[in-house]
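The values are calculated or read from the model by the stated rules, or taken from the named source; none is laboratory data. Every value quoted in this text rests on a predicted model; they were computed, and no experiment measured them. For neighbour counting, all protein chains shown are included, and Cβ atoms are generated from backbone atoms with ideal geometry for every residue, glycine included. Only protein heavy atoms, including side chains, enter the accessible area calculation; ligands, DNA and RNA are left aside. Shrake-Rupley method; radii C 1.70, N 1.55, O 1.52, S 1.80 Å.
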Amino acid sequence: MGGVEDEEPALKRMKVASTELRGLSNGSSILERVGGSSRELMARPLPSEGDNRKVIGSRGVIRKDEFVRIIANALYSLGYKKSSALLEEESGIPLHSSTVNIFMQHILDGNWDESINTLRKIGLSNESMVKSASILILEQKYLELLQADRVMEALKTLRTEIAPLSINNNRIHELSSFIMSPSLGGLIGSPGEEHLRAKSRAKLLEELQKLLPPAIMIPENRLEHLVEQALLLQRDSCVYHNASDQEMSLYTDHTCGKNKIPSQTLQVLQAHSDEIWFLQFSHNGKYLASSSSDLSAIIWEVNSNGKVSLKHKLSGHEKPVSLVSWSPDDSQLLTCGVEEAIRLWDVSSGKCLHVYEKAGARLVSCGWFPDGKSILAGINDKSICMWALDGKELDSWKGQRILKISDLEITDDGKKIITICRENAILLLDREAKIDKWIEEDQIITSFRLSKDNKFLLVNLLNQEIHLWSLVGEPNLVSKYKGHRRTRFVIRSCFGGLEEAFIASGSEDSQVYIWHRGSGELIESLPGHSGSVNCVSWNPTNPHMLASASDDHTIRIWGLKGLNIKRNNAYSNGVHYCNGGTGT
């Protein structure tokens, strides 16, 4: 293989809330008794007498009154009103003050004037907050008056109560337009449907809950939010997490083992006769395409049991095939020869549908627009060309847009084209805004990969580092990954795993390296290949399937340890099945 430094190398390419009052029980609610032995095993309620602790928990950071109120709020939300009322009674800690209880009941009963009067007795020091809450209540009053065809009363409310409080004239105009609007019923509910009106008032309570201080009205689902935060924090700090969040439990702290990472060779694909430079799974994860210096590309099929088998071998290129690119719907595939032509293939039949060439120039890279109706090609004169599928040229970008050999990506909205425009710079070309941005590195850039959500770019460098850049707003460097070996060839990396939580890369030492994306920790190095690993691809729909392509003429399919694929023969159609480990 030629090196990155060569002038013309044949380089390896890629690629609701309840409507009832939530307050203290009036004493009439009784919690049903549970069987004696079972009850003894349950946690006892917080004692209301003799327990003067203000904080609880081993670290003394949880305020007892807040903790009890949040639990009571959660019980009400779950529909366990008797249990919540009993908790308030036994703990002596009310969910809401008596004034707030009265305020909420006035809202649910539609006593608007009394609601505003009570609002001022709650103890809010922020007059602006009182004003905003009053406007919400008065708007509800106005709309319900209109719904009841009490137009004059509604108009009076708008003019004498809402308008003096509001500083938003546009909102006043919008409310006044409802007087003549035939669709007003859709705002509150059809006349006579009291349950719809009640839902509207409950919705008003939710809006007020968000507006008022949480110490006065606890935010809805606060306990659920806190528990979710704790689970997600544990998940994000687990460097091996690569399974469904549904497997997480509240009963124990969450940890995963390395057995969730694809680290066992399940298959060795041996249909290429020379170095394999690039491979990529289709968007739906049902296919894998590979390209090789043997002048061919191969479409592999991923069966429902995880077995990978040869579907089509694509021949026709006169030079080594540097990269492949899947159409958005995975029905077609582009292959690009090294400074040669781009070919379009039908995935189902394996038939070549079109050959793209440009007079006096040679093509070095390719990619699809999101609509699947046009493609991009990098030209060896450092320009980019856009073609319709029938070969008609639609647009072009001249100048220092792309290197002689370069990766090419298009964002899912079709607005940005990403290329390596200089040895140490990546161009972010905005087609609509006509604005160019750059990512500049201190080292020579050898390849890059765009994340599935288009928010991050993984950049491989000559100095054996992989950099993660955020593309949100102004580009900024987020993380660095080290440990793999790259001294001469183009080595490609990829995002992968559940929610793309991992980074995988090939390496010239014949191994596959895997890092935890968030922490940067190297968690696996996978031996097995006998030549440089040029490219890796993680199945986008199966977080437990990884593929690697090597100079040893093979592709390895990696899966979870202990997983075996059913097969009839050890060898079949260029595929070698493994019982585990990393041997061939």
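Residue by residue through the range 301-345, note down the ones that are farther than 16 Å from residue 355 by Cβ, more than 30 Å from the chain's Cα centre (by Cα) and either open to solvent by 50 Å² or more (accessible area, probe 1.4 Å) or of a type in the set (Asp, Glu) (or both).
Result: 311, 313.
For the range 371-393, enumerate the residues that are farther than 15 Å from residue 409 by Cα and over 33 Å from the mean Cα position of the chain (by Cα).
380, 381, 382, 390, 391, 392, 393
Limited to the range 442-488, what total is found for residues that are at pLDDT below 95 and in contact with a Gly (Cβ under 7 Å, 6 or more places away or on another chain)?
Adding up the residues that qualify gives 1.
Cβ contacts < 7 Å: first residue more than 16 Å from residue 417 (Cα to Cα), restricted to the range 457-474; second residue small (Gly, Ala, Ser), any location; separation 6+ or different chain. Result?
Within 7 Å, the pairs are 460/447; 460/493; 466/493; 466/505; 468/479.
Against the definition (surrounded by 13 or more Cβ atoms within 10 Å (Cβ to Cβ) and out of contact with any Ser or Thr (no Cβ under 8 Å at 6 or more places or on another chain)), how does residue 423 come out, yes or no?
On the way: surrounded by 13 or more Cβ atoms within 10 Å (Cβ to Cβ): yes; out of contact with any Ser or Thr (no Cβ under 8 Å at 6 or more places or on another chain): yes.
When the stated conditions are applied, residue 423 passes them.
Only one of (1) open to solvent by less than 40 Å² (accessible area, probe 1.4 Å); (2) modelled with pLDDT of 90 or more; (3) assigned to a helix (DSSP H, G or I); (4) out of contact with any Lys or Arg (no Cβ under 8 Å at 6 or more places or on another chain) is not met by residue 152, so which one is it?
That leaves (1) as the condition not met.
Please name all residue pairs, on different chains or six or more residues apart, with Cβ atoms under 8 Å, provided the first residue is in the range 249-261 and is under 15 Å from residue 233 (Cα atoms) and the second residue is basic (Lys, Arg) and surrounded by 11 or more Cβ atoms within 10 Å (Cβ to Cβ).
Listed pairs, sorted by first residue: 254/235.
Check every one of the strands (runs of 3 or more DSSP E) wholly within the range 372-451 and list those with 2 or more residues that are under 29 Å from residue 540 (Cα atoms).
Numbers: elements: 374-379, 384-388, 393-397, 408-410, 416-422, 425-430, 435-440, 445-450.
Strands (runs of 3 or more DSSP E) meeting the threshold: 374-379, 384-388, 408-410, 416-422, 425-430, 435-440, 445-450.
List, please: which pairs have Cβ atoms under 6 Å, are six or more places apart or on different chains, and start with a residue in the range 51-75 that is open to solvent by less than 30 Å² (accessible area, probe 1.4 Å) and end with one that is assigned to a helix (DSSP H, G or I) and of a type in the set (Asp, Glu)?
That search, which allows pairs on different chains as well, returns 72/88.
Considering only the range 121-131, I want to know if a residue exists there that is hydroxyl-bearing (Ser, Thr, Tyr), closer than 30 Å to residue 56 by Cα, surrounded by fewer than 19 Cβ atoms within 10 Å (Cβ to Cβ) and at pLDDT 95 or above.
The initial filter retains those residues of the range 121-131 that are hydroxyl-bearing (Ser, Thr, Tyr), namely 125, 128.
When the remaining residues are screened for being closer than 30 Å to residue 56 by Cα, the result is 125.
Pick out the ones that are also surrounded by fewer than 19 Cβ atoms within 10 Å (Cβ to Cβ) and you get 125.
Applying the additional criterion that residues be at pLDDT 95 or above yields none.
No - not one qualifying residue is present in the range 121-131.
Taking residue 497 as meeting all but one of (1) within 20 Å of the chain's Cα centre (by Cα); (2) surrounded by fewer than 17 Cβ atoms within 10 Å (Cβ to Cβ), write down the number of the exception.
The number of the failed condition is (2).
Could you give me the residue pairs with C-beta distances under 8 Å whose first residue belongs to the range 219-237 and is over 21 Å from residue 76 (Cα atoms), whose second residue is at pLDDT below 90 and assigned to a helix (DSSP H, G or I) wherever it lies, and which are 6+ apart or on separate chains?
Pairs found: 231/245; 235/245.
Looking at the range 526-533, is at least one residue open to solvent by 10 Å² or more (accessible area, probe 1.4 Å) and in contact with a helix residue (DSSP H, G or I) (Cβ under 7 Å, 6 or more places away or on another chain)?
For the range 526-533, residues open to solvent by 10 Å² or more (accessible area, probe 1.4 Å) and in contact with a helix residue (DSSP H, G or I) (Cβ under 7 Å, 6 or more places away or on another chain): absent.
Could you list all residues from the range 457-488 that are open to solvent by 40 Å² or more (accessible area, probe 1.4 Å) and small (Gly, Ala, Ser)?
473, 483 - these are the residues of the range 457-488 that are open to solvent by 40 Å² or more (accessible area, probe 1.4 Å) and small (Gly, Ala, Ser).
Cβ contacts < 6 Å: first residue closer than 11 Å to residue 201 by Cα, restricted to the range 139-153; second residue at pLDDT 90 or above and open to solvent by less than 20 Å² (accessible area, probe 1.4 Å), any location; separation 6+ or different chain. Result?
Qualifying pairs under 6 Å: 140/204; 141/157.
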